[in-house]
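Chemist: Take this structure, written in structure tokens, and hold onto it; I'll ask about it next.
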Amino acid sequence: MKNLNYTHVLLLGFLLLSVLTMKAQNYDESKVHEYTLPPLLETEQGEAIVNQKQWEDVRRPEILKLFEDNVYGQVPKDFDKINFNLINKDELALNGDATYKEVDIEVHRNNGKVNIRLYLFVPNNITKPAPTFLVINHRGVKTMDVTRENPDDFWPVEEVISSGYALAGFDVIDVAPDHKIDYTIEVLEKLYPEHMQMKNGMRALGAWGWGASRIIDYFETDQTVDATKVVVVGHSRGGKAALWCGAQDERVAIAISNESGNSGAKISRRNYGESVERITQHFPYWFSPTYSKYANREDELPIDQHMLIALNAPRGVYVAGAAEDDWADNKGQYLSLIEAQPLFRLYGFNLNLPNEMPKVGVQLIQKPMGFHIREGKHNMTLFDWQKFIEFADEVL
Ligand code: GTR
């Protein structure tokens, strides 16, 4: 207690106050209030969007900017130089089934430099460049380790390789550590310090997606992978980043959101499970600073998350949930797909998703959308991966 000074007392008091004033999360379907979503296919001037060109020229840029300004912040596109350094290679990894590469992706801007380490497994028994799953990994490098001393269904590399896909990943720590204070120490401080001064500057989720895009830059130089068939996969916070990455980077062929929930696939206005208030209090550094002003004011958001799904069109989008993951609001995640359909239809997709959510364990694919809910808790499992692979087989 000796070290408890005035600032500590203030801080404790503030924390206590915010816990006491924070609204409890709702898990009762009968208490979900009615809401009206902002129009997907109408411009800010009130003009109806009736074709692809209008969407691409007017409405898509409007929505992208609204997400940048109000939720995730801008994602910088410029840098001075990018180098790819092969660190390690094993042509007989996984008992000879895969070629393993570790590549350092070095990005320079002004006088700063960051290094993203890519872990890549490419199947040996295919003759064409491999379609590739790219994981935005917030669970550390040990899951991706070539020794396979720590096998984890989060990274079922044997299964992915034997299905004819390459598996790639990077640790988010290389671009923005998943930490309230330290998240700035890589890409933000070293390459884009001005973003810390901007109200709509990049923060952690945007930085993770930025990292995935730099990996795609590398894929474009590696003949063994097919850079036109990259499936960006993220679980939970990684799923939010994957959807935002797909919105920013049109080289992403499919974005997979596994249990991304609030500020990912879930409709924010639906008061069920995690709220904007809760997420911005616990994880302010994931978002642009403006986002927290929508705490308990979701109805004032100029966007909702079905529009994030729409920004991925006409490319593939897959949304997965887990039956016991009420926090992520499965219904709210499914509704985003339903609400995004009109935009995909402008691209000629004959979508007609059932209003009723698919039963647990049953996969729904209507190209280019897919959905499932698996039994069990919040996690990414082999079952999820098998469904991702079936989806990619159909869509790519
Ligand atoms: C939770 C957070 C969720 C989700 C999850 C995860 O604590 O509230 O939004 O992102 O973490 O990433 O596992």
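The values are calculated or read from the model by the stated rules, or taken from the named source; none is laboratory data. Worth saying up front: this structure is predicted, and the values here are computed from it rather than measured. Backbone-built Cβ (ideal geometry, glycine too); neighbour counts: all protein chains shown. Heads up: the accessible areas ignore ligands, DNA and RNA and are worked out on the full protein's heavy atoms, side chains in. Shrake-Rupley method; radii C 1.70, N 1.55, O 1.52, S 1.80 Å.
Chemist: If only one of R278, R214 is over 12 Å from the mean Cα position of the chain (by Cα) and more than 10 Å from the ligand (Cβ to nearest atom), which one is it?
Modeler: Details: R278 fails: more than 10 Å from the ligand (Cβ to nearest atom).
Result of the check over R278, R214: R214.
Chemist: Now a separate question. If I254 satisfies all but one of (1) surrounded by 24 or more Cβ atoms within 10 Å (Cβ to Cβ); (2) within 12 Å of the ligand (Cβ to nearest atom), what's the number of the condition it fails?
Modeler: For I254, the failing item is (2).
Chemist: Ok, one more. Checking N350 against (1) within 20 Å of the chain's Cα centre (by Cα); (2) surrounded by fewer than 24 Cβ atoms within 10 Å (Cβ to Cβ); (3) more than 20 Å from G246 (Cβ to Cβ), only one condition comes out false. Which one?
Modeler: Every listed condition holds for N350 apart from (1).
Chemist: Moving on. Against the definition (more than 22 Å from Y334 (Cα to Cα), of a type in the set (F, W, Y) and within 10 Å of the chain's Cα centre (by Cα)), how does W244 come out, yes or no?
Modeler: On the way: more than 22 Å from Y334 (Cα to Cα): no; of a type in the set (F, W, Y): yes; within 10 Å of the chain's Cα centre (by Cα): yes.
The answer is no for W244.
Chemist: Right, next: Considering only the range 219-245, state which residues are within 11 Å of the ligand (Cβ to nearest atom) and under 21 Å from V160 (Cβ atoms). Please lay out each step first, then the result.
Modeler: Start the filter on the range 219-245 by keeping residues that are within 11 Å of the ligand (Cβ to nearest atom), which leaves 234-241.
Passing the criteria: G234, H235, S236, G238, G239, A241.
Chemist: Taking G169 as meeting all but one of (1) assigned to a helix (DSSP H, G or I); (2) open to solvent by less than 10 Å² (accessible area, probe 1.4 Å); (3) of a type outside the set (F, W, Y), write down the number of the exception.
Modeler: If we test G169 against (1) assigned to a helix (DSSP H, G or I); (2) open to solvent by less than 10 Å² (accessible area, probe 1.4 Å); (3) of a type outside the set (F, W, Y), just (1) comes out false.
Chemist: Filter the range 366-381 down to residues that are of a type outside the set (D, E) and open to solvent by 50 Å² or more (accessible area, probe 1.4 Å) and give me whichever is nearest to the ligand (Cβ to nearest atom).
Modeler: H378
Chemist: Let me spell it out: the conditions are (1) surrounded by 15 or more Cβ atoms within 10 Å (Cβ to Cβ); (2) part of a strand (DSSP E or B), and W155 meets all of them except one. Which number is the exception?
Modeler: (2)
Chemist: Something else about it: Kindly list, by first and then second residue, each pair from a residue in the range 87-99 that is within 14 Å of L120 (Cβ to Cβ) to a residue that is assigned to a loop (DSSP other than H, G, I, E, B) and not polar (S, T, N, Q), limited to pairs with Cβ atoms under 6 Å and residues at least 6 apart or on different chains.
Modeler: Pairs found: A93/V146.
Residue-wise test of (1) in contact (Cβ under 8 Å) with a residue 12 or more places away in the chain; (2) within 30 Å of K77 (Cβ to Cβ); (3) away from the ligand (no atom under 16 Å from the Cβ); (4) open to solvent by less than 10 Å² (accessible area, probe 1.4 Å).
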| site | (1), (2), (3), (4) |
| --- | --- |
| A247 | yes, yes, yes, yes |
| E250 | yes, yes, yes, no |
| G273 | yes, no, no, yes |
| T290 | yes, yes, yes, no |
| N312 | yes, yes, yes, yes |
| R315 | yes, yes, yes, no |
| E339 | yes, yes, yes, no |
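Chemist: Sticking with this structure for a sec: Residue check: is E259 surrounded by 24 or more Cβ atoms within 10 Å (Cβ to Cβ) and within 16 Å of the ligand (Cβ to nearest atom)? If you could, list the steps in order and put the result at the bottom.
Modeler: Numbers: surrounded by 24 or more Cβ atoms within 10 Å (Cβ to Cβ): yes; within 16 Å of the ligand (Cβ to nearest atom): yes.
So E259 passes the test.
Chemist: Another question about this same structure. Can you tell me which condition W155 does not meet? The list is (1) under 28 Å from V71 (Cα atoms); (2) of a type outside the set (K, R); (3) in contact with a helix residue (DSSP H, G or I) (Cβ under 9 Å, 6 or more places away or on another chain), and all the others hold.
Modeler: The number of the failed condition is (1).
Chemist: When you go through (1) of a type in the set (A, V, I, L, M, F, W, C); (2) part of a loop (DSSP other than H, G, I, E, B); (3) closer than 26 Å to Y183 by Cβ one by one for V360, which number turns out not to apply?
Modeler: If we test V360 against (1) of a type in the set (A, V, I, L, M, F, W, C); (2) part of a loop (DSSP other than H, G, I, E, B); (3) closer than 26 Å to Y183 by Cβ, just (3) comes out false.
Chemist: Right, here's the next one. Determine if the range 60-70 includes at least one residue that is of a type in the set (A, V, I, L, M), closer than 22 Å to M198 by Cβ and in contact with a Gly (Cβ under 9 Å, 6 or more places away or on another chain).
Modeler: Residues of the range 60-70 that are of a type in the set (A, V, I, L, M), as a first pass: 63-64, 66.
Okay, now just the ones that are also closer than 22 Å to M198 by Cβ, so 63-64, 66.
Those left that are additionally in contact with a Gly (Cβ under 9 Å, 6 or more places away or on another chain): none.
No, because not a single residue in the range 60-70 is of a type in the set (A, V, I, L, M), closer than 22 Å to M198 by Cβ and in contact with a Gly (Cβ under 9 Å, 6 or more places away or on another chain).
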